[in-house]
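The values are calculated or read from the model by the stated rules, or taken from the named source; none is laboratory data. Here the structure is a predicted model, which is why all the values come from computation and not from measurement. Because the Cβ atoms are built from the backbone with ideal geometry, glycine has one as well, and the counts that use them run over all protein chains shown.
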Amino acid sequence: MKRSKMMLVLFVMIAIIAAGCTNNNSSPSATNESKEKPTETAAPVDNAQAGAKEAPAFAALVKDGKLPKLEDRMPVAADIKIEEVVDEIGQYGGEWKMPWNGPSDKWGVGQPTEEALFRFNKEGNKVEPNVAKGYEVNDDSTVFTIHLREGMKWSDGVPFTTEDVIFYWEHMLKKETFGKKIYDAYYSVDPVSGDRALAEVKKVDDYTFTVTHKYPSVQFLERVAIDNKWFFAPKHFHETILPEFVGDAKTLEITKSWGYEDPKVFLVETGYYDWLHKEIPTIRAWMPTTDPNSDQFVMERNPYFWKTDSEGKQLPYIDRLVATKIQDPSQKVLGTLAGDYNLVVFGANDFTVLKENEKKGDYRIIPWTQPAWSSAGIQLNQTTPDPNLRKLFQDIRFREALSIGVNRVEISEIVTNGLGEPIQASVPEGVMGYQEGWKDQWTEFNPERANQILDELGLTKRDKDNFRLNADGSELTLTIIESSTDTAAFLELLKKYFEDMGLKTNLKVVDGGTHFDMKYANQIPITTENISVANVAFRPDAIVPLRVITPWFGHYGLYTQSGGKEGVKPEGDIALILENWEKIKASKTQEEIDQYSNEIIKLHMKNQWVIGYAGPTPTLIAASNSIHNIPTDMVWADEYRSLGQGHPSQFFIKQ
Amino acid sequence: MLQYIIRRILLVIPVVMFISFVVFYIIQLPPGDYVSSYSATMSAAGDVMTQVEMDEMRSNLGLDRPVYEQYLVWVKKIVLHGDFGFSFNYNKPVLAVVKQYMGLTLVVSIVTMVFQYVVAIPIGIYTAVKQYSAGDYFFSGISFIGMATPNFLLAIILMFLSYTWFGDPLLGLFSNEYVNAPWSWDKAVDLMKHMVIPVIVIGLASTADLIRVMRGQMLDELNKPNVVTARAKGLSETRILLKYPTRAALNPIVSTIGWSLSSIFTGSTITAIVLNLPIQGPVMYNALLGQDMYLAGSWLLFMALLTVLGTLISDILLAWLDPKIRTEFRGN
């Protein structure tokens, strides 16, 4: 009897919950009608802000006495950085809404908000002062005098002075507290003896310091702008956490209180990835306000930002940057179509779906060119361990055969929607190192000639499936190892063409970490990786074998890196590349640097170690039609800080 | 029965120990470790680490030590301090990560579960009572489709419909403006709005399953002599239905409730990724992908523990519900 009562109670409960649940189910249609987007926190002073020199929110705080006056927050008038607007003077307000992969994608919010000491100009061939006000160089490029902005402040109101640079140099960079070695930029090389000497950094006054090199370092500023844009750190913050100042025990205690386990990891997070932590003062246009591990990372405008537009209005125009965490790249597309995000960066493969919905989604697509050599191509590891393969890969005729045996037009149409031209991997026009005629080298589709070359190479024997065997009768298989399935369409086509030539081709996909490990262990014979070099002299990793990183030069890089102890000794043209690189490092003038850089590129043109089947595709910026001042004719490169090159502090949202 | 329960609980300890070791070993199996997957991600973003930096990071994280040593350290910390280790991805203790996602995971799972029972049990009863009626065919058809459709596909379809009809794919559990907002009535409404799709998607397969089970059980029970007798005595049809066959038919459903324990705490994974839900499933998936081993290990351990506990609970529930089983215990 008792139990039957229990069953009844259970049933009644279920009934009640059911009633409640059906209620919930009917609610979306009701709420959808009203579509209550809760108070967009539109500025109360709406268009009265025409003459305002600061954001309405700050004006209100100043009025209440909670924030110093604008003049007291900015550098002295002569030292304010005036940011040129792209189209028009903007208005305050709005949010930059972007999808974000979470804290593992540190640079996704890091790059566009970065403020470098020196940044690259629009063309990308020179640097211009940014955080620095200006600089002087002596005649033999050994002493660089750098001026800072008087009255400039960190986001907590503490003055930004030479002390912050010296502190960073002496106590962080030289002590290597944040997991990075002292950057190459700070070493100068004696052209004769090859001696490497570390620069000296000296304070002159509160707003001036000098960097003195032992030997000429013509490209010092450019290299700093690549290696170490943030040549400064908030002294008043780091003094309170570095073991040098507070002792190891205290640092450990602080580490734990921040929720970290290991002080070294903690110091990397705070010393290097400092833009993710709201506790750390910044000089960026926006400063973090939430925990980056939460579902939304929000950066609010920095009241002490030191730039204005030409009318003297303090930047940034946009109130805050809201990065919403996504778990799958398709959510980026979907969210953009739905208008959840208003400024999003895409690769070329999303072009069709974005373009189709451009009107409906009320956004526009702005293509930025990439300094990439190709968008679909392969790299043959020149030091691959298998002697037969190595011999083939090192043979220029083999590379020619692989190049002409593939129909580029088809690859361009199928893989890149026709966005990438059917050309060879080459330096694109307009980028430093462009060579006339390179893009057409070995591009004509000619399977007969390709087969003829392979026969000449001695690959005449065939197995029962009609695949070519090595000259010694052993099996010949080209294994392409990939770290993602993004290139599946391209590789499927490639496999078809290679096998048409009688070359057995295997595709293997492994996860990113494994791919990385295999690269270090020289276990990747072939992979797709596109070379992207804005300027050889600035960042040579992709085309000069200095360390293990780019698949085509494999363990030649290890040889240089280990000083000849390990790896494969570079010979022939590879050795020539390295010679030219040494000459660049010891150059005294820009002309010399350009000349040797060009030599390196020419060696690449001659040898075509990297084979491309479709030209570079642009990076696509999908920007809501209400966002203005986004430049349209820029180069997208990591060296230029990707979107940061468009100077986001002057982007604005028209209300 | 108490003795039985105690014996079962004691048996749990070696099982969990064994599982924890297997779990840890399996996580170590794939090539590479957290540092290699981390440096691969960073180099994709143009931030290249040198070999020296990688080695240093490994030793900072203790990844250069042998597997058994890492395991022992991990277990020691769990037993002595209740410390499940540190998540490399999140730079937080594992427990903090788990706690961050637990609230919403429980909300989604429990609502889904309630949805399942509330929908499935009445429909199951209805389809059995009205066997071979139009309604029966309709619901049976739906439940077969529900069982056969992969969740994530349904999620994509519903998102697409929601986007084309309302212009909002209802991704995630909150609209943008509410994610970091403090709890309020509006936020709760927003959450409910966003829960509709996940609840339907995650719940559909098991709902369909439950309908089938309930219908089959009811059909078995409907013509039992006790039901016929009750009817002959002139009891009302509803009363008969609820008092006898339904109660008996609930038996297999109750006995499986315990098993859903682990799914309540993890939530779904693939569907959650597709729908961008901030719940445990995707967190664990990423931990496994990124070789964030303490987080992944702790999760697998929790899941194993919950499965073991769930089975125990099921057994106890069953004994409580079904006199026959209880008698068997006593018979010992």
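Say we look at region A:600-639 and pick out the residues that are crowded, with 24+ Cβ neighbours inside 10 Å and hydroxyl-bearing (S, T, Y); which of these is farthest from A:Y363 (Cα to Cα)?
Top of the filtered list is A:Y613.
Can you find even one residue in region A:169-190 that is within 23 Å of A:E269 (Cα to Cα), crowded, with 20+ Cβ neighbours inside 10 Å and of a type in the set (K, R)?
No; the residues of region A:169-190 include none that is within 23 Å of A:E269 (Cα to Cα), crowded, with 20+ Cβ neighbours inside 10 Å and of a type in the set (K, R).
Return yes or no: is A:G557 closer than 27 Å to A:D195 by Cβ, assigned to a loop (DSSP other than H, G, I, E, B), of a type in the set (G, A, S) and assigned by TED's automatic domain parsing to the domain that holds A:I524? If you could, list the steps in order and put the result at the bottom.
Values: closer than 27 Å to A:D195 by Cβ: yes; assigned to a loop (DSSP other than H, G, I, E, B): no; of a type in the set (G, A, S): yes; assigned by TED's automatic domain parsing to the domain that holds A:I524: yes.
Against the criterion (closer than 27 Å to A:D195 by Cβ, assigned to a loop (DSSP other than H, G, I, E, B), of a type in the set (G, A, S) and assigned by TED's automatic domain parsing to the domain that holds A:I524), A:G557 does not qualify.
Kindly provide the set of residues from region A:480-507 that are away from every other protein chain (no Cβ under 13 Å) and over 14 Å from A:L402 (Cα atoms), ordered by number. It would help to see each step written out before you state the result.
We begin by selecting, within region A:480-507, every residue away from every other protein chain (no Cβ under 13 Å); these are A:480, A:485, A:487-507.
Residues satisfying the conditions are A:T485, A:T487, A:A488, A:A489, A:F490, A:E492, A:N506, A:L507.
When you check A:I283 against the structure, is it modelled with pLDDT of 90 or more and closer than 27 Å to A:D184 by Cα, yes or no? Can you show your working first?
Working: modelled with pLDDT of 90 or more: yes; closer than 27 Å to A:D184 by Cα: yes.
Criteria met by A:I283.
Take region B:237-282 and flag every residue that is hydroxyl-bearing (S, T, Y) and over 19 Å from B:L300 (Cβ atoms). Walk me through how you get there before you give the answer.
Going through region B:237-282, the residues hydroxyl-bearing (S, T, Y) turn out to be B:238, B:244, B:246, B:255-256, B:260, B:262-263, B:266, B:268-269, B:271.
Scanning region B:237-282 gives B:T238, B:Y244, B:T246, B:S255, B:T256, B:T271.
Here is a check on your reading of the model: is B:K187 farther than 30 Å from B:L219 by Cα and surrounded by 21 or more Cβ atoms within 10 Å (Cβ to Cβ)?
no
When residues of region B:1-60 are filtered for being out of contact with any helix residue (DSSP H, G or I) (no Cβ under 8 Å at 6 or more places or on another chain), away from chain A (no Cβ under 13 Å) and of a type in the set (D, E, K, R), how many remain?
Adding up the residues that qualify gives 1.
Being in contact with a Gly (Cβ under 6 Å, 6 or more places away or on another chain), within 14 Å of another protein chain (Cβ to nearest Cβ) and at negative phi: is that true of A:L321 here?
no
Could you tell me how many of the residues in region A:438-476 are out of contact with any helix residue (DSSP H, G or I) (no Cβ under 9 Å at 6 or more places or on another chain) and either exposed (fewer than 11 other Cβ atoms within 10 Å of the Cβ) or at negative phi (or both)? Walk me through it before giving the result.
Our first condition is that a residue be out of contact with any helix residue (DSSP H, G or I) (no Cβ under 9 Å at 6 or more places or on another chain); within region A:438-476, this holds for A:439-440, A:448, A:455, A:458, A:461-466, A:469, A:473, A:475.
Right, trim to either exposed (fewer than 11 other Cβ atoms within 10 Å of the Cβ) or at negative phi (or both) and you get A:439-440, A:448, A:455, A:461-466, A:469, A:473, A:475.
Final tally of qualifying residues: 13.
Do we find a residue being part of a loop (DSSP other than H, G, I, E, B), at pLDDT below 90, outside the structural domain of A:G179 (by TED's automatic domain parsing) and in contact with a Lys or Arg (Cβ under 9 Å, 6 or more places away or on another chain) anywhere in region A:298-319?
In the first step, residues of region A:298-319 are kept if they are part of a loop (DSSP other than H, G, I, E, B); the result is A:302-306, A:309-313, A:315-319.
Right, trim to at pLDDT below 90 and you get none.
No: zero hits.
Would region B:308-321 turn up any residue that is buried (at least 19 other Cβ atoms within 10 Å of the Cβ), modelled with pLDDT of 80 or more and either part of a helix (DSSP H, G or I) or among the β-branched types (V, I, T) (or both)?
yes
Checking the structure you have, find out if any residue of region A:357-376 is in a helix (DSSP H, G or I), within 30 Å of A:Y497 (Cβ to Cβ) and away from every other protein chain (no Cβ under 12 Å). Let's see the steps before the verdict.
Initial filter on region A:357-376 (in a helix (DSSP H, G or I)): none.
Checking region A:357-376: not a single residue is in a helix (DSSP H, G or I), within 30 Å of A:Y497 (Cβ to Cβ) and away from every other protein chain (no Cβ under 12 Å).
So is B:L170 more than 9 Å from chain A (Cβ to nearest Cβ) and closer than 28 Å to B:L210 by Cβ or not? Please lay out each step first, then the result.
Numbers: more than 9 Å from chain A (Cβ to nearest Cβ): no; closer than 28 Å to B:L210 by Cβ: yes.
No: the conditions fail for B:L170.
Within the group A:V568, A:V544, which residue is closer than 30 Å to A:S188 by Cα, part of a loop (DSSP other than H, G, I, E, B) and under 28 Å from the mean Cα position of the chain (by Cα)?
Details: A:V568 fails: under 28 Å from the mean Cα position of the chain (by Cα).
The conditions single out A:V544.
Six or more apart or on different chains, Cβ under 6 Å: which pairs go from a residue in region B:79-104 that's under 24 Å from B:I13 (Cα atoms) to one that's modelled with pLDDT under 85 and of a type in the set (D, E, K, R)? Could you list them?
Between residues of region B:79-104 that are under 24 Å from B:I13 (Cα atoms) and residues that are modelled with pLDDT under 85 and of a type in the set (D, E, K, R), the close pairs are B:F86/A:E261.
Kindly evaluate B:Y68 against the criterion of being more than 8 Å from chain A (Cβ to nearest Cβ) and among the hydroxyl-bearing types (S, T, Y). Full working, then the answer.
Numbers: more than 8 Å from chain A (Cβ to nearest Cβ): yes; among the hydroxyl-bearing types (S, T, Y): yes.
In short, yes.
Can you name the residue in region A:552-575 that is of a type outside the set (G, A, S) and within 12 Å of chain B (Cβ to nearest Cβ) and is also farthest from A:N530 (Cα to Cα) among such residues? Explain how you work it out, then say what you get.
Residues of region A:552-575 of a type outside the set (G, A, S): A:552-553, A:555-556, A:558-561, A:565-566, A:568-571, A:573-574.
Right, trim to within 12 Å of chain B (Cβ to nearest Cβ) and you get A:558, A:561, A:566.
Details: A:L558: 21, A:Q561: 22, A:E566: 26 Å.
Checking each candidate, the answer is A:E566.
Across region A:256-287, what is the total count of residues that are over 20 Å from A:K81 (Cβ atoms) and touching a Leu at 6+ places or on another chain (Cβ under 6 Å)? Please lay out each step first, then the result.
Start the filter on region A:256-287 by keeping residues that are over 20 Å from A:K81 (Cβ atoms), which leaves A:256-274, A:276-280.
From the residues that got through so far, the ones that are touching a Leu at 6+ places or on another chain (Cβ under 6 Å) too are A:263.
Within region A:256-287, residues that are over 20 Å from A:K81 (Cβ atoms) and touching a Leu at 6+ places or on another chain (Cβ under 6 Å) number 1.
Going through region A:161-194 one residue at a time, which ones are among the charged types (D, E, K, R), farther than 15 Å from A:K229 by Cα and in contact with a Leu (Cβ under 9 Å, 6 or more places away or on another chain)?
A:K174, A:K175
Looking at region B:60-74, can you tell me whether even one residue there is touching an Asp or Glu at 6+ places or on another chain (Cβ under 8 Å), within 30 Å of A:S532 (Cβ to Cβ) and not in a helix (DSSP H, G or I)? Steps first, answer last, please.
Filtering region B:60-74 down to residues touching an Asp or Glu at 6+ places or on another chain (Cβ under 8 Å) leaves B:60-61, B:63-64.
From what is left, the residues that are within 30 Å of A:S532 (Cβ to Cβ) are none.
No: zero hits.
Tell me which residues, restricted to region A:268-291, are within 20 Å of the chain's Cα centre (by Cα) and of a type in the set (D, E).
A:E269, A:D274
Regarding A:L459, is this residue in a strand (DSSP E or B) and not assigned by TED's automatic domain parsing to the domain that holds A:K122?
On the way: in a strand (DSSP E or B): no; not assigned by TED's automatic domain parsing to the domain that holds A:K122: yes.
The answer is no for A:L459.
Look through region B:279-307, keep the residues that are buried (at least 21 other Cβ atoms within 10 Å of the Cβ) and among the β-branched types (V, I, T), and return whichever of them is farthest from B:I13 (Cα to Cα).
Restricting to residues being buried (at least 21 other Cβ atoms within 10 Å of the Cβ) and among the β-branched types (V, I, T), the top hit is B:I279.
If the Cβ limit is 8 Å and pairs must be 6+ apart or interchain, which residue in region A:571-583 that is within 15 Å of A:Q608 (Cα to Cα) pairs with which residue that is aromatic (F, W, Y)?
Between residues of region A:571-583 that are within 15 Å of A:Q608 (Cα to Cα) and residues that are aromatic (F, W, Y), the close pairs are A:I574/A:F553; A:I574/A:Y556.
What is the number of the single condition among (1) at pLDDT 90 or above; (2) assigned by TED's automatic domain parsing to the domain that holds A:M152 that A:V45 does not meet?
(1)
Here is a yes/no grid of residues against (1) at pLDDT 85 or above; (2) in the same structural domain as B:V201 (by the TED database); (3) farther than 30 Å from B:V227 by Cα:
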{"residue": "B:S133", "(1), (2), (3)": "yes, yes, no"}
{"residue": "B:I145", "(1), (2), (3)": "yes, yes, yes"}
{"residue": "B:L170", "(1), (2), (3)": "no, yes, yes"}
{"residue": "B:V179", "(1), (2), (3)": "no, yes, yes"}
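Counting only residues that are in a helix (DSSP H, G or I) and facing another protein chain (nearest Cβ under 10 Å), how many does region B:236-253 have?
5
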